[in-house]
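Here's the structure, in structure tokens; my notes come after.
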Amino acid sequence: MTDSLVSIARALVFIVVALVLCAVIFSIAGFSAELMFSAILDGAFLRNGALNHALRWGLPLFITAVGVAISFRAGYFNIGAQGQFYVGAICAAFVAEWTSGAPAFVVIPLCFLAGMIGGALWALWPGLLRLRSGADEVITTLMGNFLAGLLLVYVTSGPLKDQSGSGQQASSRPLDAAYRISNSLGVSPTIIAIAVIVGLSMWLLVNRTSFGMMSGLAGRNPTMVTWQGAKLWKVGLASFIISGALAGLAGTIELMGPNGRLASGFLPAHGFTAILIALVANLSILGSAVAALFFGGLASAALYLPVIAGLPSSAIDIINAAIALFITARSQLIDRIMRFRSRANG
Amino acid sequence: MSETTPPVLDCHDVTVRFGDVVALSDVSISFASGAIHAVVGQNGAGKTTFARVIAGLIDPNEGSVRISGRDMPKGSVNDARRAGVELVHQSFALPPSFTVAEAMQFGGAGGKLYTRNQLERRWQAHLDALNINVKAGQRIRDLPVESQQSVEIARALVTDAKLLILDEPTAVLSPEGTEKLFERIRHLKSAGVTIILILHKIREVLAIADTVSVLRGGKLVEGPVACSGVDADKLSELIIGPSARPLDEDDRAALTGSASSLHTHVGVSGNDVGAPPILDMKSVSSAPDGDGPPLGDVSLAIRPGEIVGVAGVEGNGQRTLVRALSALTEVQSGTIALDGKQVTTMPLQGRRIAGLRVIPFERNVEGLSLTSSLWENWSARKLLQGSLLSWIRPSALRSECKSALDTWDVRYATVVQRAGSLSGGNAQKVILSREMDEDARLIIAAQPTRGLDIGATAFVWDALDKARRRNCGILLISSDLDEIMDICDRVVVMLSGRIAGTFEPPYDIARIGAAMTGVAHDR
């Protein structure tokens, strides 16, 4: 209990420190820090409909982040959420194309199934390589992201190419409105329901099943779990598959909800923001929900930064990166501070 | 002691605190030069901290350290070295991939350019002068532990050491190796070096030291007094303290080594010779797995209610034996039966369901996940015997864990605290409470008392004895011969992955020792 309180406090401190750091940098660069903060607050949380925007970005991020958390907990650093997100969306788009004309209640579930299977497969091969031959999953999943990005370019400029497009950005033919699960604003009861189902079921999996406990133990000390007779590959493979499937699910939601089509290179930072969310939440499912809303809010604030503070909207990426820096430096930093304090006390 | 020369070491009111923990409290002690001084105490008594203070590795919070009458600046390894103080660590600090010569060079002064030949010539002479039979060109990792320790000592003597501190030097040695080490130490003494030995076996103290000092709870409770003036019982009382629960006679004898070398052990339970064995290994050979020699043709049977001890110098296949029994290393030929059931190809999960329990060698790596909570660590065995998809109720597991830990007398604050926050003895008790449940049939206890203090050690022995009375079979792997001879109904000795001898009580330590070192002895 205290452990989770500490990690919440820690995450908040890092976010605040990162924001302050960014404010300093931006004001040195000649922007107004005050306006930056008010743009973020306003755009992310206060403005009318801000919650809608935060949910639009936050819900898919949450789903992907939960997957990331599940593989990280088991000790596997699957950083390929972006690729799994793309492949999931691509598979769903193909199924939508092939089943076009069938009733929505057939097409939509099939698309979701395809999206999850696609994402899972894109996580499966790095998982197998890792578990069978020890290939570092950080490298393979990262490479998988580039492969998936190129696959997306091919698909949107080849098999699924929208011939009527302007040519600015290759994209697929738009989905029939009957198959969309939300309008372009991106929030609908369906999407909220999916996120809630994912959140609940994954919370149960992590906190109320033998698998969840074992993967947590295995992530911290695989040797000990081996001596208890666990088959690490089972836990490992399941973690890869689940994390891939969830990223694929998020990709499908983006395709069938707000985007309505595939565009080459769409949402390029989705996977990495999801990793950031999982880390900020200290790999907890509940924490991921809160963090996803926060980062969803930041993403929607990107629209307001140019208007209110005159900052480019990519300033949000800088803020995200600053938070990421602090979070990854976290353990080192905390260790140092603790050591310093115990020395000061002694 | 004559006071013509100043004492080689003079500590005055030394206090060391780590956060809220007081490791050493107002320790004032002085050691005369040219003698062998033993410092004894339980785990956590402050022995290693004391050694480190003298060697300048730890800066005491209060007090002063004088070496040969000169004040030593606090917490400076280099100043301590210059004054002639050298520490040989408990766990060896030599880099395994270095050659002996390289380790000596960098352990000492170092810095200049050199060629390998120059280095080896230079240090070979040093090793030869100390009568250490090691080639300077060998890699540290290829040396047996005894030789590694000799090299550590040689490294410490590179500079003109006046005071040599050895922290638990006998922990890794066979009886014969210990004897050789003692000879070396006596030799150094005659060469004028003062030696401080950190020890925890009373028998060894009485065998080698001129004076003994006892630390308990960070305080100096006795000493230095001449060893001729104390006996084993008095020392063990000083070490344990008055409040500890009394040990039973056998345990005390084993801890103090006061029994004769001929142990008269009587099997406790009615281990019925006719009963089918709980463990039946027949001619098991294993694949090499990089963790010691492979098993060669090992046959071993354990009957219900029997404790079989595995003695041997470390690194002679004991780890492979445990791994083979735990299905963590591949068995190439031979069969293993557990409680009458063939398990040769069965994975560990199945063997555990059949009643196998393992207290592994490395408590903090193989036994516990230090960054996970106590209840998660405790529940792992139970949960893994079921399906990964089964539901759990954390609150129920937590309360089960709590009552189990209470039964096993574990000192802890809450079951959600991290396993890493427990002391060694308490951590071991958590493992015992997990591995010695009602359904256990065969318990493998690998070095279950290593690093534990006398009280915790007696607790572990007691637990093993209780399991024996419940008719479990127990396989005890230990490098402590006293422990093995005290509690085992039968002892096998492992040498290079094979069983080199089987012994029944009364045990003859000389013959066991001979089998351990491969000296042919009418077997």
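Taken together, the values in this text are just the output of simple stated rules run on the coordinates, not laboratory data. Being a predicted model, the structure only gives us computed values, none of them experimental. Neighbour counts are summed over all protein chains in view; Cβ atoms, including those assigned to glycine, are modelled from backbone coordinates with ideal geometry.
Results, tabulated for the structure shown:
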| quantity | calculated |
| --- | --- |
| Cα-centred dipole magnitude for the protein assembly as shown, charges only on beta-carbon of K, R (+1) and D, E (-1), debye, nearest 20 | 2000 debye |
| Mean separation of Cα contacts under 8 Å (6+ apart) over length of segment A:2-345, as relative contact order % | 35 percent |
| Charge dipole magnitude, Cβ of K and R +1, D and E -1 - segment B:9-246, Cα centre, debye nearest 20 | 600 debye |
| Under 5 Å, built H, 5+ apart or other chain: amide partners of B:ARG498 | B:GLY296 |
| Share antiparallel - DSSP beta bridges, the protein assembly as shown, percent rounded to 5 | 55 percent |
| Lys/Arg +1, Asp/Glu -1 at C-beta; segment A:2-345 dipole; positive extreme among A:PRO258, A:PHE72, A:PRO312 | A:PHE72 |
| Karplus (6.51, -1.76, 1.60) ³J(HN,Hα), θ = phi - 60°, over segment A:30-35, in Hz, Gly and Pro reported as x | x, 9, 8, 5, 4, 5 |
| Estimated dipole of segment A:2-345 in Debye, rounded to 20 [Cβ of Lys and Arg +1, of Asp and Glu -1, Cα centre] | 860 debye |
| Listed residues A:THR156, B:GLN138, A:ALA301: farthest to the positive end of the dipole of the protein assembly as shown (Cβ charges) | A:THR156 |
| Entries of B:LYS47/B:LYS429; B:LYS201/B:LYS429; A:LYS231/B:LYS402; A:LYS234/B:LYS282 with Cα pairs more than 25 Å apart | A:LYS231/B:LYS402; A:LYS234/B:LYS282 |
| Under-5 Å amide H pairs with B:GLU222, H placed in peptide plane, nonlocal only | B:VAL214 |
| Amide proton proximity set for B:ILE196, modelled H, under 5 Å, gap of 5+ | B:HIS37, B:LEU164, B:ILE165, B:LEU166 |
| Karplus-derived 3J(HN,Hα), 6.51/-1.76/1.60, for each residue of segment A:69-82, Hz, glycine and proline x | 4, 5, 6, 5, 4, 7, x, 10, 8, 6, 9, x, 4, 4 |
| Average partner coverage of B:342-352, which counts Cβ from other chains inside 10 Å | 2 |
| Cα lying deepest toward the dipole's positive end in chain B, options B:LEU164, B:THR178, B:SER283, charges on Cβ | B:SER283 |
